[in-house]
């Protein structure tokens, strides 16, 4: 495998040096400039939302949100301790607000707390993966922010399709996971 990489690098260097470098180099510079602009835009978007998340934590809104979402999370995730439930509720609320970057560390901490040490994903872990993967969003702020920085004339046009797709995929994911769980229970009871 290392020989393949070596020859790919040699070929790339030859292409850069000998085949019209005046076209290739400006394209590379433009791509790196666009990448830097995108990274700065994402940093700005995430810093705003992480600040809002910090305000939510400092003001205790996260605990109130956890109490509001608690009946739903208890039904979906099972009986959880308060700290894990709060992390899951904050993860879900961050995803709902379109703050996927802020939701990720919360989801990772919740996943660590859900781990029972068996080496297998339990029901609550699978449900958290479904929620994180389908990214149920009411307000897709990151995508809207990216569309604004890309110069879109109507960046919020994606809201309704995003909501429909997120609700649909989340519900389907939960239903499939519950069906698989019931099938596993039946097969284990037959043995």
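The values are calculated or read from the model by the stated rules, or taken from the named source; none is laboratory data. Values in this document were obtained by computation on a predicted structure and should not be read as measured data. Please note: Cβ atoms are built from the backbone with ideal geometry, for glycine as well, and neighbour counts cover all protein chains shown.
Among 128, 160, 179, which is the only one that is in a helix (DSSP H, G or I) and touching a helix residue (DSSP H, G or I) at 6+ places or on another chain (Cβ under 7 Å)?
Only one candidate passes the filter, namely 128.
Filter the range 55-67 for residues that are loosely packed, with under 12 Cβ neighbours inside 10 Å and in a helix (DSSP H, G or I) and give the result.
Listed by number, the residues that qualify are 55, 58, 59.
Would you confirm whether or not the range 166-176 contains a residue that is outside any loop (DSSP other than H, G, I, E, B), over 30 Å from residue 40 (Cβ atoms), touching a residue at least 12 places away in the same chain (Cβ under 8 Å) and out of contact with any helix residue (DSSP H, G or I) (no Cβ under 7 Å at 6 or more places or on another chain)?
The answer is yes; a qualifying residue exists.
Of the conditions (1) over 22 Å from residue 43 (Cα atoms); (2) touching a residue at least 24 places away in the same chain (Cβ under 8 Å), residue 137 fails just one. Which one is it?
Result: residue 137 passes all but (1).
Please tell me if residue 133 is modelled with pLDDT of 80 or more and either assigned to a loop (DSSP other than H, G, I, E, B) or touching a strand residue (DSSP E or B) at 6+ places or on another chain (Cβ under 9 Å) (or both).
When the stated conditions are applied, residue 133 does not pass them.
Can you say whether residue 49 is in contact (Cβ under 8 Å) with a residue 40 or more places away in the chain and either surrounded by 13 or more Cβ atoms within 10 Å (Cβ to Cβ) or part of a helix (DSSP H, G or I) (or both), as far as the supplied structure shows?
Criteria met by residue 49.
Of all residues in the range 36-53, how many are at pLDDT 80 or above and over 16 Å from residue 149 (Cβ atoms)?
1
Kindly provide the set of residues from the range 16-35 that are at pLDDT below 75, surrounded by 10 or more Cβ atoms within 10 Å (Cβ to Cβ) and under 38 Å from the mean Cα position of the chain (by Cα), ordered by number.
Answer for the range 16-35, where residues must be at pLDDT below 75, surrounded by 10 or more Cβ atoms within 10 Å (Cβ to Cβ) and under 38 Å from the mean Cα position of the chain (by Cα): 16, 24, 25.
Filter the range 136-175 down to the residues that are loosely packed, with under 13 Cβ neighbours inside 10 Å and at pLDDT below 85 and list them by number.
Across the range 136-175, the qualifying residue is only 150.
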